[in-house]
Amino acid sequence: MKITWLGHSAFRLDTSSASILIDPFLTGNPGFAGIDAKDTASGITHILLTHGHGDHVGDTIRLAKDTGATVLANADLAAWLGSKGVEKLEMGNTGGTVHFEGFSATFTNALHSSAQLTEDGVSHSLGSANGLMLHFDGDASLLHMGDTDIFSDMKLINELHQPDIGLVPIGDRFTMGGAVAALACQRFFDFKTAIPCHYGSFPIIDPTPEKFVAGMEGTRTKVVTPSAGIAVQL
């Protein structure tokens, strides 16, 4: 599997069967600055969303129209995207699994919110905040935690799905911070590899992954902190 961090919580995953964007916040993402947007979107087959905040939905509507990629989101968010003209939609909700050719996606729990301001200035709920558990045929399994705090049922997610790779929010203020994220990984998961995210993009969240890296020292989990736009093979 080839994983490319695109700044903030956005990732591109390339496997033998799919090319996936998760939470494609590109426009306005300081961490994405200088990365080729056309190259990033080239050949994508799926767009997967953890929740409805603007820094996660990002460029989904435009990318879906431009590429014809299938968009997966929780039912409320998917309905809203449909009202915005997105045509190829798959919906689910917490605990449910959606099967695609070559991989499946399960909506896991996350402790966070999910809403957007509409043109009239009113905040509208867009369903639950989720993580996404991805199982690939013949490849590593991966959990994008979404935006979340630590919670003890993370242990159940690990028991049910045994993810090999964790994409872990660490920036504090809107998610768990680095030290708590490291505790979550150690106490509740058995990741072979952990990649921190949701940091370094805005001044009010942690600028570096140092607290998480320090908290993971001495564990069996390999921590990878890729530069934005540079693919890593796992």
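The values are calculated or read from the model by the stated rules, or taken from the named source; none is laboratory data. This is a predicted model, so every value here is computed, not measured. Glycine gets a Cβ as well: all are built from the backbone with ideal geometry, and neighbour counts include every protein chain shown.
I'm checking my understanding of the structure. Among residues of region 2-27 that are at positive phi and either free of Cβ contacts under 8 Å to residues at least 40 places away in the same chain or not acidic (Asp, Glu) (or both), which one is surrounded by the fewest Cβ atoms within 10 Å (Cβ to Cβ)? The qualifying residue surrounded by the fewest Cβ atoms within 10 Å (Cβ to Cβ) is Gly7. Condition first: farther than 23 Å from Leu234 by Cα and among the aromatic types (Phe, Trp, Tyr). Now tell me which residues in region 152-195 satisfy that. Phe174, the sole residue that qualifies. Among the residues of region 164-188, those identified as closer than 16 Å to Ala110 by Cα, surrounded by 18 or more Cβ atoms within 10 Å (Cβ to Cβ) and of a type outside the set (A, V, I, L, M, F, W, C) are Gly166, Pro169, Gly171, Asp172, Thr175, Gly177.
I'm trying to understand the selection: among the residues of region 114-133, which are of a type outside the set (S, T, N, Q) and within 22 Å of Met176 (Cα to Cα)?
Ala115, Leu126, Gly127, Ala129, Gly131, Leu132, Met133
One residue stands out among those in region 71-99 that are part of a helix (DSSP H, G or I) and either touching a residue at least 24 places away in the same chain (Cβ under 8 Å) or not polar (S, T, N, Q) (or both): the one that is surrounded by the most Cβ atoms within 10 Å (Cβ to Cβ), which is Leu77. You will find that of Ser104, Ser114, the residue that is modelled with pLDDT of 95 or more, within 16 Å of the chain's Cα centre (by Cα) and surrounded by 17 or more Cβ atoms within 10 Å (Cβ to Cβ) is Ser114 and no other.
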